[in-house]
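Working notes, beginning with the structure itself.
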Amino acid sequence: MPALSPLMLHRFLLVVMLLGAAPPVQPAPAPRAITVYAAASLKESLDAVAEQWTQRSGQRVRISYAASSLLARQIAQGAPADLMISADIEWMDWLQARALIDPATRHDLLRNSLVVITPAGSPQAPFELSCRQCWLTALDDRRLAIADPESVPAGRYARQALGALGVWSGLQERLARADNVRAALAFVALAELPLGIVYRTDALAEPRVRVLGTIDPRLHAPIVYPVARLSSDQAGASAEFQAFLAGPVATRIFVRAGFDGLDPGPHDVYR
């Protein structure tokens, strides 16, 4: 290899010095992770939606699942969250009345329905839901699994429906009141109880149960899932994820899980 001329060597050393002095290129910082509080019945579908969002945006989503009542109370006690998805309107109203959500960001996201379930291996046949004796015979001195009707949305809807069917008074002493709808589902999935009332989406997500019948939605208040950003999310870190929830990618996931999607929101830009 021929020796470099003094001029070429000078230029080479100058380039090396300039490259060494250049600051290293820093990767763009990842967006701040967001925390979502969500009704327990959203578990599988919302996990899938969050995974899709992270793949697209690089933003991680932490989700805490529980009964809407419990989540709302935790938020009122100062729990750090950015977004809330409730399983009914009342608990979102409760948060709004305490100025804990930004009402400008609130909208209805999904709908659901109630079904009566039994363990997958049970020989129980469908029965007339307005027949009190049919319920008692199917229970066979055991209990009916439902979410707590005093506070949990799924339990409140179930109580309304059973009241409209005329069988609540005969069943209210035969209830196994669960902390949330997924706990009621587990009682039946594990064959600890012969019957339960859960959301349609819960039954579809659990192969160890089968549906005996769907409860007429006219017998209870509409099962609506509102979503809103919390007032504590001052930087709007969850705004784009909330828009993604109403878009077609997320809607397809929710519909496959058994939810009824509502009309997309005004920020439906994710396809």
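The values are calculated or read from the model by the stated rules, or taken from the named source; none is laboratory data. Everything quoted here is computed from the prediction, not taken from an experiment. Here the Cβ is made from the backbone with ideal geometry for all residues, glycine too, and neighbour counts use every protein chain on show.
Residues considered: Leu212, Leu195, Leu144, Leu162. Of these, the only one that is in contact with a Ser or Thr (Cβ under 8 Å, 6 or more places away or on another chain), over 18 Å from Leu46 (Cβ atoms) and surrounded by 21 or more Cβ atoms within 10 Å (Cβ to Cβ) is Leu195. Here Ala154 meets each of (1) of a type outside the set (Ser, Thr, Tyr); (2) free of Cβ contacts under 8 Å to residues at least 60 places away in the same chain; (3) in contact with a helix residue (DSSP H, G or I) (Cβ under 9 Å, 6 or more places away or on another chain) with one exception, condition (2).
Restricting to region 220-244, count the residues that are surrounded by fewer than 16 Cβ atoms within 10 Å (Cβ to Cβ), hydrophobic (A, V, I, L, M, F, W, C) and under 30 Å from Gly163 (Cβ atoms). Total meeting the criteria: 1. In region 109-120 there is at least one residue matching the filter, namely being within 20 Å of Leu245 (Cβ to Cβ) and surrounded by fewer than 18 Cβ atoms within 10 Å (Cβ to Cβ). State yes or no: is Gly163 over 21 Å from the mean Cα position of the chain (by Cα) and on the phi < 0 side of the Ramachandran plot? Yes. For region 76-111, a tally of residues being aliphatic (A, V, I, L, M) and within 9 Å of Tyr37 (Cα to Cα) returns 4. As for region 35-44, it holds no residue that is in contact with a Gly (Cβ under 9 Å, 6 or more places away or on another chain) and either at pLDDT below 95 or not in a helix (DSSP H, G or I) (or both). All of Ser151, Ser169 fail the test of being under 20 Å from Val224 (Cα atoms) and out of contact with any Leu (no Cβ under 6 Å at 6 or more places or on another chain), apart from Ser151.
Against the list (1) part of a helix (DSSP H, G or I); (2) under 15 Å from Val227 (Cα atoms), the condition Asp108 fails is (1).
Once region 81-104 is narrowed to residues that are touching a Leu at 6+ places or on another chain (Cβ under 9 Å) and under 21 Å from Glu240 (Cβ atoms), the residue that is surrounded by the fewest Cβ atoms within 10 Å (Cβ to Cβ) is Asp102.
Condition check ((1) among the aliphatic types (A, V, I, L, M); (2) in contact (Cβ under 8 Å) with a residue 60 or more places away in the chain; (3) not assigned by TED's automatic domain parsing to the domain that holds Asp102) across all residues:
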{"site": "Leu144", "(1), (2), (3)": "yes, no, yes"}
{"site": "Leu171", "(1), (2), (3)": "yes, no, yes"}
{"site": "Asn180", "(1), (2), (3)": "no, yes, yes"}
{"site": "Ala189", "(1), (2), (3)": "yes, yes, yes"}
{"site": "Val209", "(1), (2), (3)": "yes, yes, yes"}
{"site": "Arg229", "(1), (2), (3)": "no, yes, no"}
{"site": "Asp233", "(1), (2), (3)": "no, yes, no"}
{"site": "Leu245", "(1), (2), (3)": "yes, yes, no"}
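Taken across region 61-77, residues that are modelled with pLDDT of 95 or more and in a loop (DSSP other than H, G, I, E, B) do occur, with at least one present.
Screening the candidates Ala228, Ala237 for the property of being small (Gly, Ala, Ser), touching a helix residue (DSSP H, G or I) at 6+ places or on another chain (Cβ under 7 Å) and not in a helix (DSSP H, G or I) yields one hit, Ala228. The number of residues in region 90-108 that are in contact (Cβ under 8 Å) with a residue 24 or more places away in the chain and closer than 27 Å to Gly163 by Cα comes to 4. For region 45-52, the criterion of a residue being buried (at least 20 other Cβ atoms within 10 Å of the Cβ) and either modelled with pLDDT under 95 or among the hydroxyl-bearing types (Ser, Thr, Tyr) (or both) is satisfied by at least one position.
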